[in-house]
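Encoded as structure tokens, the structure appears first; notes follow it.
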Amino acid sequence: MAVVQVIPVMIPDLGEEEAQAAAEAIRSGWVAQGPRVARFEQEFAAAVGAGHGVAVSSCTTGLHLALVLLDIKPGDEVIVPSLSFIATANAVRYVGATPVFADVELATGNVTVETVDAVRTERTRAVIAVHQGGVPFDTAALRKAADGWGVGLVEDAACAAGSTAYGAPAGTGARVAAWSFHPRKLITTGEGGMVTVDDAGSATRLKRLREHGMNVSAADRHASKQPVLEAYLETAYNYRMTDIQAAVGLVQLGKLAGLVAQRRQLAARYQELLADIDGLVPVRDPAYGQTNYQSFWVLLDGFRASRDEVLTELAARGVSARRGIMAAHLEPAYADAAPGPLPVTERITRESLILPLHHRLTEADQDHITGVLRELATR
């Protein structure tokens, strides 16, 4: 029996250069948070148009620190999209606040001023807006609205490295944004994340919060030729990144522009191949920006097979696709959330799927994937 060659949904672009960088960090003797982390923070912040970067252990911990920075407390409400990985909503519960689910628009999968305003109350203290799957939300509109409402805006940019809005990197001008370096993202450090801000005071506090509340970092203490007696200024966390991870991240960051260009080229070819298949609507750039195509999803719109039937057939034909973006309010963890109507969220999570897109995907792979979809459309 022939073995079916599987086309994976995602492969991280890791190679010998990353392996050498990690080995050099290990040989240096400094493997905890240190000089490579500091350099990665500076270079990543510059790449996304932010003033300061603060490396953390994950995007999830970055979102948590962002809410601490905004002084979100129990009794406060934070508006979030349900259509996001569950970490977005979880971060709100970490600070004891209540996540309130907003619906999204169909074209981008993102919250809008209108969907947020529809669930805003006098208890709303912040909004977490997600650049979903790398598709930027309307930064200009939502930032202006948040300022007018007097609420903090946290940008969940987990998937957005390399995306743009209004001609600038997605992080440019964000009050606070959190980024992910999970292997499913364009650039990876294995696990890890970054928080970016423009305000120097905010960056200083974030660095303190990620390191047990110490007023001087471990790296600065070790670099000093005199004894340093640190103080612990507030109850905080251990959310640090290692120099080994940062060494890999620096190599990955150098690949970012090339990876975005390649993914956009592959996405354009997908869109061309899918254009004449009835019932399929592929993700596209919004009018105000460009996506990095961290994920390439397709919405079923009157397609002749259900989402699960499509996934089953693709798997049988050697294609590792995935269900579309999850809806947190449908998970057992949020059974007590009692959200209002979320029709677009529920439609997208029920009727969308993610197709393979990565640096090793070939035109032959794309032809095979779209050929399976074409067959399903004509059965």
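The values are calculated or read from the model by the stated rules, or taken from the named source; none is laboratory data. Not measured: the values here are computed from a predicted model. Cβ atoms come from the backbone with ideal geometry, glycine included; neighbour counts cover every protein chain shown. Quick note on the areas: whole protein, heavy atoms, side chains included, nothing else; ligands and nucleic acids left out. Shrake-Rupley method; radii C 1.70, N 1.55, O 1.52, S 1.80 Å.
Summed over segment 334-353, the residues that are under 10 Å from residue 104 (Cα atoms) and either surrounded by 18 or more Cβ atoms within 10 Å (Cβ to Cβ) or modelled with pLDDT under 95 (or both) give a count of 3. When restricted to residues that are open to solvent by 20 Å² or more (accessible area, probe 1.4 Å) and β-branched (Val, Ile, Thr), segment 354-365 contains 1. Considered as a group, the residues in segment 184-234 that are polar (S, T, N, Q) and under 19 Å from the mean Cα position of the chain (by Cα) include one that is farthest from residue 322 (Cα to Cα), and that residue is 196.
Hey, among 314, 273, which residue is open to solvent by less than 10 Å² (accessible area, probe 1.4 Å), at negative phi, in contact with a Ser or Thr (Cβ under 9 Å, 6 or more places away or on another chain) and not in a strand (DSSP E or B)? Among 314, 273, only 314 is open to solvent by less than 10 Å² (accessible area, probe 1.4 Å), at negative phi, in contact with a Ser or Thr (Cβ under 9 Å, 6 or more places away or on another chain) and not in a strand (DSSP E or B). Quick one: is residue 287 aliphatic (A, V, I, L, M), surrounded by 15 or more Cβ atoms within 10 Å (Cβ to Cβ) and farther than 18 Å from residue 159 by Cα? Criteria not met by residue 287. So, in segment 276-332, of the ones that are out of contact with any strand residue (DSSP E or B) (no Cβ under 8 Å at 6 or more places or on another chain) and β-branched (Val, Ile, Thr), which residue ends up nearest to residue 168 (Cα to Cα)? So the residue we want is 291.
For the condition surrounded by fewer than 22 Cβ atoms within 10 Å (Cβ to Cβ) and either free of Cβ contacts under 8 Å to residues at least 12 places away in the same chain or not aliphatic (A, V, I, L, M) (or both), residue 323 qualifies.
Screening the candidates 357, 353 for the property of being touching a residue at least 12 places away in the same chain (Cβ under 8 Å), touching a Ser or Thr at 6+ places or on another chain (Cβ under 9 Å) and among the hydrophobic types (A, V, I, L, M, F, W, C) yields one hit, 357. Just checking, does segment 247-254 include any residue being open to solvent by 40 Å² or more (accessible area, probe 1.4 Å) and at pLDDT 95 or above? Scanning segment 247-254 turns up at least one residue that is open to solvent by 40 Å² or more (accessible area, probe 1.4 Å) and at pLDDT 95 or above. Does residue 66 meet the test of being in contact (Cβ under 8 Å) with a residue 12 or more places away in the chain, open to solvent by less than 50 Å² (accessible area, probe 1.4 Å), under 21 Å from residue 153 (Cβ atoms) and among the hydrophobic types (A, V, I, L, M, F, W, C)? Considered against the rule, which asks whether it is in contact (Cβ under 8 Å) with a residue 12 or more places away in the chain, open to solvent by less than 50 Å² (accessible area, probe 1.4 Å), under 21 Å from residue 153 (Cβ atoms) and among the hydrophobic types (A, V, I, L, M, F, W, C), residue 66 comes out as yes. For segment 184-236, the candidate set comprises residues that are part of a strand (DSSP E or B) and either open to solvent by less than 50 Å² (accessible area, probe 1.4 Å) or in contact (Cβ under 8 Å) with a residue 40 or more places away in the chain (or both); within that set, the residue that is farthest from residue 15 (Cα to Cα) is 214.
Checking each residue in segment 290-308 for being at negative phi and of a type in the set (Gly, Ala, Ser) picks out 295, 305, 306.
The one condition from (1) more than 20 Å from the chain's Cα centre (by Cα); (2) without any contact (Cβ under 8 Å) to a residue 40 or more places away in the chain; (3) assigned to a helix (DSSP H, G or I) that residue 254 does not meet is (1). Applying the criterion of being open to solvent by 40 Å² or more (accessible area, probe 1.4 Å), aliphatic (A, V, I, L, M) and over 18 Å from the mean Cα position of the chain (by Cα) to the residues of segment 257-270, the residue that is farthest from residue 207 (Cα to Cα) is 268. In segment 304-319, the residues that are modelled with pLDDT of 95 or more form Cβ pairs under 6 Å with partners that are open to solvent by 40 Å² or more (accessible area, probe 1.4 Å) and not in a helix (DSSP H, G or I), at six or more places apart or across chains, as follows: 318/4; 318/5; 318/6.
Return yes when residue 378 is modelled with pLDDT under 95, out of contact with any helix residue (DSSP H, G or I) (no Cβ under 6 Å at 6 or more places or on another chain), among the β-branched types (Val, Ile, Thr) and open to solvent by 10 Å² or more (accessible area, probe 1.4 Å) and no when it is not. Answer is yes for this residue. Among the criteria (1) touching a residue at least 40 places away in the same chain (Cβ under 8 Å); (2) touching a helix residue (DSSP H, G or I) at 6+ places or on another chain (Cβ under 6 Å); (3) surrounded by fewer than 20 Cβ atoms within 10 Å (Cβ to Cβ), the one residue 241 does not fulfil is (3).
When each of 25, 89, 45, 19 is tested for being among the small types (Gly, Ala, Ser), under 20 Å from residue 340 (Cβ atoms) and in a helix (DSSP H, G or I), the lone residue that passes is 89. Can we say residue 157 is within 17 Å of residue 286 (Cβ to Cβ) and touching a residue at least 40 places away in the same chain (Cβ under 8 Å)? Answer is yes for this residue.
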